[in-house]
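What follows is a single structure, written as structure tokens, with notes after it.
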């Protein structure tokens, strides 16, 4: 039971889990009924799946250069996914793609009427 | 490791196929933007799997660049979509029902409004501005000619 064997097994586990989460995100993208619901599927499982795959890759390719590069890639995905989702959600709301009756709290319509 | 990478590749391929179906079906441009986002993340994951298979860190800068391009492309298309007016606007009552059609009608609605207001509302509509101050200008500008 050497270190390389343990790290290889951990890397393989990370790759498997990450791919499974990416598949779950794609299934959600296909099956959810609304644009806003699909936003949930595209951001949360996808981001975690990609981060797990990058961690698995870092454990397989065991160099420090790769760790910094994958850290940048993971941070890019992690911090930009909410921004992109916010923009898509706001555009969906403003284009009338959201059924306002299904919303419990609707703060954006008040803000739009106020002109903020 | 071989079996893990084989199973992961099969799962990613299936995920890419499913998002391709959403890309074809998605009744709105926004759904297609989400599908392209998912497919690009799957491409990043695929490149990571090939790097893990070979054990070489040669393709890692590609992963970093793809992650950044993913964000920029998605945000750019979302910002530049032809903008449908707000459903709360009273003059757009008929257009709000048009918005429930299944086709990609945001372009057609915007062209309709270009005739109504006398303005050619191009992609640089300030309604989609990122900051709040973009909002007050657009409703006022919309109602001035009417």
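For peptide A:65-74, the mean count of partner chain Cβ atoms within 10 Å of a residue's Cβ comes to 5. Spin-label pair residue A:101-residue A:114: with each label point 7 Å from Cα along the Cα-Cβ axis, the two points sit 2.8 nm from one another. For the range A:1-99, averaging the sequence separation of C-alpha pairs within contact (under 8 Å, six or more residues apart) and dividing by the residue count gives a relative contact order of 33 percent.
Among the residues of A:41-47, the average count of other protein chain beta-carbon atoms within 10 Å of the residue beta-carbon is 4.
Throughout, read-outs are computed from the coordinates displayed, never taken from laboratory work. If you're wondering where the values come from, they're calculated on a predicted model, not measured in any experiment. Here Cβ is always computed from backbone atoms with ideal geometry, including for glycine, and neighbour counts include all displayed protein chains.
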